[in-house]
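Since the structure comes first, as structure tokens, the remarks are kept for the end.
The values are calculated or read from the model by the stated rules, or taken from the named source; none is laboratory data. Predicted model, so just to flag it, every value in this text is computed and none were measured. Cβ coordinates were reconstructed from backbone atoms using ideal geometry, including for glycine residues, and neighbour counts include every protein chain displayed. The accessibility values were calculated without ligands, DNA or RNA, using every heavy atom of the protein model including side chains. Shrake-Rupley method; radii C 1.70, N 1.55, O 1.52, S 1.80 Å.
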There are 2 protein chains.
Amino acid sequence: MGWVDEIAELGGLQAADRDRLNREARRISVPAGTTVFGPGAQAENLIVVLRGAVRVQHVSDSGRQIVLYRVHAGQTCIMTTACLVAHEAYSAEGVTETAVEAVMVPRRAFDALLGSSAAFRSFVFDAYSRRITDLFLLIDDVAFQRMDIRLAQRLLVLAGGAGSVAITHQQLAAELGTAREVVSRLLQEFRRRGLVSSARGEIVLEDAPGLRRLSEAG
Amino acid sequence: MGWVDEIAELGGLQAADRDRLNREARRISVPAGTTVFGPGAQAENLIVVLRGAVRVQHVSDSGRQIVLYRVHAGQTCIMTTACLVAHEAYSAEGVTETAVEAVMVPRRAFDALLGSSAAFRSFVFDAYSRRITDLFLLIDDVAFQRMDIRLAQRLLVLAGGAGSVAITHQQLAAELGTAREVVSRLLQEFRRRGLVSSARGEIVLEDAPGLRRLSEAG
DNA sequence: GCGCGTTTGGTGACATGGTCACAGACCCGG
DNA sequence: CCGGGTCTGTGACCATGTCACCAAACGCGC
């Protein structure tokens, strides 16, 4: 059972805690594109991602979307979990972006671990910390940052070293919480300036340094 | 020492936990308008508010502000605390809106309590939960909601049953993360529609039901 | 009460972003 | 090749943010 060791390594857990996890947690495996939680779904487990990534996004009443953050390997959906358990008023949804392997830790085991393991506490609070930081930065972006700068940043992140991003304008709009038309217009301006070129469903970064300069301008 | 009992009641703590708090926590008392934490300030304490309210806001590079949330009696600044301790990258500041009485729980005692008291854990995670919900709603508002609706909502909240709010346009803009001119224009429209009237530094809600209808329209 | 600097609020012109309606380009199955 | 669905482009218009500037109200010292 390698996954307990994986978690243990990620969280720096002790032997007794590993035993508990081995007994009480379940490993799950889901394909890409699955909605793992959504509005109204009661989350009774702490979920720790071992492989892959989960995109957590919000869908507004009017149908527009915005990506709140992504949960990568070694991180948890703890915020949404706690949020849903305690209040259940808010609707965010999580969608797997790749095939995902994860472990689900039941609420009882979660609580017991919090009591018994300082390392686990640290793991959990670090996770909160990171998410809160993400959300603060997102609020700042949405409230005060120009859309062209946000688009440039997002393209660079999504490319992640590669020279292009396979994504539609609509999906980019959902990433940033704006409208497709806005993305189309901005990309056209980028194209005019030689920063990108594009085909249907794909953006090619022709001038990554230029995009980087733009993304740091604000 | 009544305050330990107050906290204990708020958090449902046991006798042993109360003793620990009595020994290790300190009570503080600050006047209105004090900046209790800010960019760069290292927070080595959990702060629990007993009386009054703290406004937590962010100041962007360009000088614009937005109010993230408020910490009322019985609640904690735990998010900012954890955030600053773990990453210290982000700059939010807390300002007392009224005279505030609070207790500061050192990190060591905080951690020990988390281990020993399920009630304390529940208190802490509820606090996180509430803040996260607040932030999600804020993101939704900022990204998708019309400004006139947000302004109407905020006026109603700030009035809190009273018939008027003592606040300047600039302060309202800082609440909502927008510019003063926008607030002025919207208030003029509200005035034209008979929803409010205003004097220097004061907004009178002439038609609270009308404002409420507007605030629910989005 | 008077003069004066500061704060607060009002206004017009313009840039950016969001909404709506619609058209053309592309893709894929039949 | 045809037809329907998806993706992208475009123009008009409204909402919001930015900038420059002014005027009214206030606080304060005299």
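Filtering region A:173-211 to residues that are assigned to a loop (DSSP other than H, G, I, E, B) and among the hydroxyl-bearing types (Ser, Thr, Tyr) leaves only A:178.
Tally time: how many residues in region A:161-172 are assigned to a loop (DSSP other than H, G, I, E, B) and either open to solvent by 60 Å² or more (accessible area, probe 1.4 Å) or within 12 Å of DNA strand C (Cβ to nearest atom) (or both)? Break it down into steps so the answer makes sense when it comes.
Initial filter on region A:161-172 (assigned to a loop (DSSP other than H, G, I, E, B)): A:161-163, A:166-168.
In the following step, the residues that additionally are either open to solvent by 60 Å² or more (accessible area, probe 1.4 Å) or within 12 Å of DNA strand C (Cβ to nearest atom) (or both) were identified as A:161, A:166, A:168.
Total satisfying the criteria: 3.
Just one of the listed residues (B:158, B:138, B:214) is open to solvent by 20 Å² or more (accessible area, probe 1.4 Å), touching a residue at least 60 places away in the same chain (Cβ under 8 Å) and either assigned to a helix (DSSP H, G or I) or away from DNA strand D (no atom under 12 Å from the Cβ) (or both), namely B:214. Among residues of region B:43-80 being closer than 19 Å to residue A:140 by Cα and part of a helix (DSSP H, G or I), the one that is nearest to the other protein chains (Cβ to nearest Cβ) is B:79.
Yes/no per residue for (1) open to solvent by 40 Å² or more (accessible area, probe 1.4 Å); (2) more than 20 Å from residue B:78 (Cβ to Cβ); (3) not aliphatic (A, V, I, L, M):
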| site | (1), (2), (3) |
| --- | --- |
| A:109 | no, yes, no |
| A:115 | no, no, yes |
| A:196 | no, yes, no |
| A:209 | yes, yes, yes |
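How many residues are farther than 15 Å from residue A:77 by Cβ and open to solvent by 30 Å² or more (accessible area, probe 1.4 Å) if we restrict to region A:120-135? Result for region A:120-135: 1. Per the conditions (1) in the same structural domain as residue B:185 (by TED's automatic domain parsing); (2) surrounded by fewer than 20 Cβ atoms within 10 Å (Cβ to Cβ), the sole criterion not satisfied by residue B:151 is (2). The lone criterion from (1) at the interface with chain A (Cβ under 7 Å from one of its Cβ atoms); (2) open to solvent by less than 30 Å² (accessible area, probe 1.4 Å); (3) modelled with pLDDT of 85 or more left unmet by residue B:144 is number (2).
Here's a check for you: in region B:92-135, which residue that is assigned to a loop (DSSP other than H, G, I, E, B) and more than 10 Å from chain A (Cβ to nearest Cβ) is farthest from residue B:54 (Cα to Cα)?
Residues of region B:92-135 that are assigned to a loop (DSSP other than H, G, I, E, B), as a first pass: B:97-99, B:117.
Add one more test, that the residue is more than 10 Å from chain A (Cβ to nearest Cβ), and what stays is B:97-99.
Details: B:97: 6, B:98: 8, B:99: 9 Å.
Per the criteria, the residue is B:99.
Cβ contacts < 8 Å: first residue open to solvent by less than 70 Å² (accessible area, probe 1.4 Å), restricted to region B:175-192; second residue more than 9 Å from DNA strand D (Cβ to nearest atom) and of a type in the set (Gly, Ala, Ser), any location; separation 6+ or different chain. Result? What qualifies is B:187/B:198; B:190/B:152. Kindly indicate the residue of region A:184-207 that is of a type in the set (A, V, I, L, M, F, W, C) and near DNA strand C (Cβ under 8 Å from one of its atoms) and also nearest to residue A:145 (Cα to Cα) among those meeting that condition. Only one residue tops the list, namely A:186.
Quick check, is residue B:36 more than 14 Å from every other protein chain (Cβ to nearest Cβ), surrounded by 15 or more Cβ atoms within 10 Å (Cβ to Cβ) and at pLDDT 85 or above? In short, yes.
Those residues that are away from DNA strand D (no atom under 14 Å from the Cβ) and on the phi > 0 side of the Ramachandran plot, I need them from region B:161-205; list them, please. Selection gives B:161, B:194.
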